[in-house]
Amino acid sequence: MAEDIALVAINVGIWRRLAVLYPSPATRWRKYAFVLPVCLMNLMQFIFLLRMWGDLPAFILNLFFFSAILNALMRTLFVMWKRLAFEKFLEQVTHLYREIEASSDEFCRNLLAMAVAESRRLAIFNLTASFLDILGALIFALFLEQRTHPFGVALPGMDMQRTPAYQIFYVLQLPTPVVLSMMYMPFVSLFAAFALFGRALLQILAHKLSRIGQLQAEEQRYQMLIACIQLHITIASYVRNLTALIAYIIGAEALIFGGIICSLLFCLNIITSQTQMISIIMYILTMLYVLYTYYNRANDLMIESVRVSQAVYNVPWLECGMGFRRTLLIFLMQTQRPLVIKAGHVYPMTLAMFQSLLNASYSYFTMLRGVTNK
């Protein structure tokens, strides 16, 4: 099972215990107990959002909270919907991981170990930062002059600021640091782990290509070249499967996050409270961090695939026969197109695209501010 490999153990372990992945008849109820209360809270947030329509800063802030939790729900429900596809992809990851782990090449095992260490650090940091961020929101609500829930909620015909409704719903929101962290961050961390593993596979491929010139016999060189071609085909399949798995959800999140960042920048322009300004800046940085994690890891994988193409080009061929040269030329042509993860199967996930998203958000913010100032 994928939970047994250190690369994804933390995040897959969380989802397995919540029956999001690998549910059994005895644990299937857990995913409903996990998701349905958050669905109810998100619905109550929407009702509260309608009440804030006349107060633009409050509306935008609560729109951020509503969108963030809706996004967390969307991720979790997407994984539950695509559970079999996720589990099948995790089987592929586990198989490749075990092959490298059992390899006699210490350099390859070290590359795998570095990818594992980085993915585990990222998973722990994401869960910890998310937990502390939401915990801070819970505590911050206690020090406001006006009674306010950490996540604004409302029900028709009920005054949520009166006793005991305020206390009851505040207590009901106490588990949110744990629940929302487990709902929001595993998807981000798993994507990063998958991209890091893909990068490690490409680094292993480049390492094997560099060893071809060290082999004396032409037959050995030819067999190593064939092995490298087979590995490249496997990696290309891995990247295609990863893209097919997450392309649409990543594309939707890019649009959502871009809109949220734009609206928060606009809100930052019209509010006067320093406390709210600090909060909004933190929210913007949170969105930027998640987007940067996606695009930076995917960009690293793309860059490594370009280096593989260069490694193929540097394979010595003058002293080899025509069969070797012909095969090497075909391989070189195959590696000319970098392996790229695409959001929505359209936009390549690179740092250049990340910058374009930020530029687009800022452009919409500038246009909106100009219209408002008039």
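The values are calculated or read from the model by the stated rules, or taken from the named source; none is laboratory data. Quick caveat, the model's predicted, so the values are computed rather than measured. When the accessible area is computed, the model is the full protein with side chains, heavy atoms only, and any ligands, DNA or RNA have been set aside. Shrake-Rupley method; radii C 1.70, N 1.55, O 1.52, S 1.80 Å.
A straight line joining the Cα centroids of region 108-186 and region 30-94 runs 13 Å.
For Ala343, the amide hydrogen comes within under 5 Å of the amide hydrogens of Met349, counting only partners 5 or more places away or on other chains and with H modelled in the peptide plane. Comparing Arg337, Arg199, Arg83 in a Gaussian network model of the chain, where Cα atoms under 10 Å apart are tied by springs, the biggest mean-square fluctuation is seen for Arg337.
Relative contact order of region 231-374, please, whole-number percent, based on alpha carbon pairs below 8 angstrom and at least 6 residues apart. Relative contact order, region 231-374: 42 percent.
Contact order normalised by length for the chain, with contacts defined as Cα pairs under 8 Å and 6 or more residues apart; what percent is it? Can you show the working numbers first?
On the way: 371 pairs, mean separation 72.2, N = 374.
Taking the mean separation of contacting Cα pairs over the length of the chain, I get 19 percent.
Counting only protein heavy atoms and using a 1.4 Å probe, what share of the accessible area of the chain belongs to carbon plus sulfur, as a whole percent? Carbon plus sulfur share of accessible area: 64 percent. Using heavy atoms of the protein chains and a probe of 1.4 Å, the accessible area assigned to Trp29 is about 150 Å². Computed from Cα atoms, the angle from the helix 322-334 axis to the main principal axis of the chain rounds to 10 degrees.
Nearest 10 degrees is fine. How inclined is helix 274-313 to the longest principal axis of the chain, computing both from alpha carbons? So the inclination is approximately 10 degrees.
Look at (1) 30, 57, 13, 0; (2) 23, 42, 31, 4; (3) 25, 48, 21, 5, 0: the one that is P(r) over Cα pairs in 20 Å bins from 0, in percent derived from this structure is (3). Extension gain for Ile124 to Thr366 (0.36 nm times residue separation, less C-alpha to C-alpha distance): 83.5 nm. Residue-wise HN-Hα couplings along region 104-111, as the Karplus relation 6.51 cos²θ - 1.76 cosθ + 1.60 with θ = phi - 60° gives them from phi, are 7, 7, 5, 4, 5, 5, 5, 4 Hz; Gly and Pro carry x.
As a length-normalised measure over Cα pairs under 8 Å and 6 or more apart, the relative contact order of region 106-209 settles at 44 percent.
Each residue of region 206-219 was assigned a 3J(HN,Hα) from its phi angle through the Karplus expression (A = 6.51, B = -1.76, C = 1.60, θ = phi - 60°), giving 4, 5, 5, 5, 5, 7, 4, x, 7, 7, 7, 7, 5, 4 Hz with x at Gly and Pro.
Here the 3J(HN,Hα) profile of region 220-226, calculated from phi with Karplus coefficients 6.51, -1.76 and 1.60 at θ = phi - 60°, is 5, 4, 5, 5, 5, 4, 4 Hz, Gly and Pro shown as x.
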